[in-house]
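Structure record follows, encoded as structure tokens.
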Amino acid sequence: MSKLLTALVASAFALVPTWGPLGAALSGVDALFYVDGVHLTAHAPIDVQAMGAEFYVCSPYKFLGPHLGMLAASPALLETMHPDKLRPSTEQVPERFELGTLPYELLAVDDASTDATLEVFRNLYAATQNTWLRNAMALAILTAQRREDIALAQFKDFGAEGWRCIQAKTGHKLILPLDLRLDVIGLSLADVLRQCRTTGIVSRHLVHQVRPYGNSPIGAPIWKDTLSKAFHAEVLALGMDWEGRQPPTFHELRSLSERLYAAQGNVNTQSLLGHRDPRTTAIYKDTRGAEWNLVKIG
């Protein structure tokens, strides 16, 4: 039996193949249609049957979830397939396709994660004694950029017109004006830039070590994973009740920033986030139950 593998979206060019003819061409022949939808799933409604696909796969990390693999397929079709496995492993579908113990902690995060709220940001921003984390948080919520772009931001990228940011993930080029201002936190991008300069440390990077740490000297950049770990530790130190859900991550400041600017009303959040499709930006508006929604009348 042959197999056709196709990607519905090419990351570099945002191209969506015409999947209808592909599915039709495979209908009735000795082949299975396997669709890699990891780049499409977060941006459009998915109808696997209309595609004519036997298998459709994606990953929740594309829509702010954990790094897991997800497969949609007919249980009856999966029953006919027998992968190599250890004899003690179950024959049940879909468990027979797992390599070992399921990552239950990631499955729980995918179903019960908490988005960042303004309350969490304000509490953490006021409580932390970590200078570079406070600067990173301010830059993240003010600009809505990803953690890797926060970690890579350099003073040389700032000029009279603003921050020339080339997004590391997509290569998308943005100019964020220095007078970009988020009213609810009372800061502009110019304010955050000045704040990052007040450490008294000579460094190329806005977010930098203010004291030696391990192998990192004073002035060294902060790696993106270090941002996440420090933020997580400080969030836990707040002692807040997460009501059985996972506490927010540094990455979710990007979503919070989008929602705050959308409420403010004078910033194009699709442009700010660097999205080509407004449906991608719409995903960032979902607070997953973390915030109260006021019913407006009149």
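The numbers here are math on the coordinates, done by the rules we state, and not lab data. None of the values given here were measured: they were computed from a predicted structure. Cβ sites come from the backbone with ideal geometry, for glycine too, and all protein chains shown count toward neighbours.
When the distances between all Cα atoms of segment 145-190 are binned every 5 Å from zero, what whole-number percent does each bin get?
5, 21, 29, 25, 16, 4
Given the Cα atoms of segment 123-200, and with Rh set as the inverse mean 1/r over their pairs in the Kirkwood sense, what is Rg to Rh to two decimals?
Value, to two decimals: 0.94.
For each of H232, H82, H275, count neighbouring Cβ atoms within 10 Å of the residue's Cβ, then give the residues from fewest to most.
In order of increasing Cβ crowding within 10 Å: H82, H232, H275.
In the neighborhood of M137, defined by Cβ-to-Cβ distances under 13 Å, what is the net charge if each Lys or Arg adds +1 and each Asp or Glu adds -1? If you can, show how the numbers build up before the last one.
Numbers: positive: R122, R134, R147, R254; negative: E234, E252.
Local charge sum for M137: +2.
Could you work out the local net charge near H205, counting Lys and Arg as +1, Asp and Glu as -1, over the other residues with Cβ closer than 14 Å to its Cβ?
Once all neighbours under 14 Å are counted, the net charge is +2.
If I histogram all Cα-Cα distances within segment 139-298 using bins 10 Å wide from 0, what percent of pairs lands in each bin?
Calculated over all Cα pairs of segment 139-298, the distribution is 9, 35, 37, 17, 2, 0 percent.
Once amide H atoms are placed 1.01 Å from N in the peptide plane, what residues at a sequence separation of 5 or more from F33, or on another chain, have their amide H within under 5 Å of its amide H?
Distant-sequence amide H within range of F33: E54, F55.
Using the 10 angstrom Cβ neighbour count as an exposure proxy, how do C165, C196 rank, fewest first?
With the sparsest Cβ surroundings first, the list reads C165, C196.
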